[in-house]
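Trainee: Supplied in structure tokens, the structure appears directly below.
The values are calculated or read from the model by the stated rules, or taken from the named source; none is laboratory data. These numbers were taken from a predicted model, which means no experiment stands behind them. For neighbour counting, all protein chains shown are included, and Cβ atoms are generated from backbone atoms with ideal geometry for every residue, glycine included.
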Amino acid sequence: MKHFSILFTGALLLTSACSGPDVGTKLASSKLVGDGTLAQEQQVEGKTILMEPRVEDLTEKSFNIRYMELSFGNGVPANIRDLAIKQCKSLGKVAVYKTSTRGLIQGYTVKAYYECIDR
């Protein structure tokens, strides 16, 4: 059992260190997701809990927001949408919601992926 634990930890570290952008980032930028939805028009639902939402993987074109939510609905909490709008507005752009993913390894967190576009 000890050997399995060591192998699993090693494999996890190797794949996370060498993999580049996470699967959600790749999905958000793919044509499968499409053009996305303007953040001010996206569906909002639920509330964030336990941790302060944080912006990650920030570039001039895109970012994601990691958070934990109370409900598992079809939208993101209003404060996540508002944070995305504020982030893009600081760049003189408009926020577009692309997709969300749920992570099991990172403490059941959710990542909402956004792009900032000119309007």
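For every residue, the table says whether it meets (1) out of contact with any helix residue (DSSP H, G or I) (no Cβ under 8 Å at 6 or more places or on another chain); (2) at pLDDT 95 or above; (3) of a type in the set (Asp, Glu); (4) under 18 Å from Gly36 (Cβ atoms).
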position: Thr48; (1), (2), (3), (4): no, no, no, no
position: Asp57; (1), (2), (3), (4): no, no, yes, yes
position: Ser62; (1), (2), (3), (4): no, no, no, yes
position: Val76; (1), (2), (3), (4): yes, no, no, yes
position: Val96; (1), (2), (3), (4): no, yes, no, yes
position: Lys111; (1), (2), (3), (4): no, no, no, yes
position: Asp118; (1), (2), (3), (4): yes, no, yes, yes
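Trainee: Moving to a separate point now. Go through the range 64-74 and count every residue that is surrounded by fewer than 19 Cβ atoms within 10 Å (Cβ to Cβ) and either modelled with pLDDT of 95 or more or within 13 Å of the chain's Cα centre (by Cα) (or both). Spell out the reasoning first.
Mentor: We begin by selecting, within the range 64-74, every residue surrounded by fewer than 19 Cβ atoms within 10 Å (Cβ to Cβ); these are 68, 70-74.
Subsequent filtering for residues that are either modelled with pLDDT of 95 or more or within 13 Å of the chain's Cα centre (by Cα) (or both) retains 68.
Count: 1.
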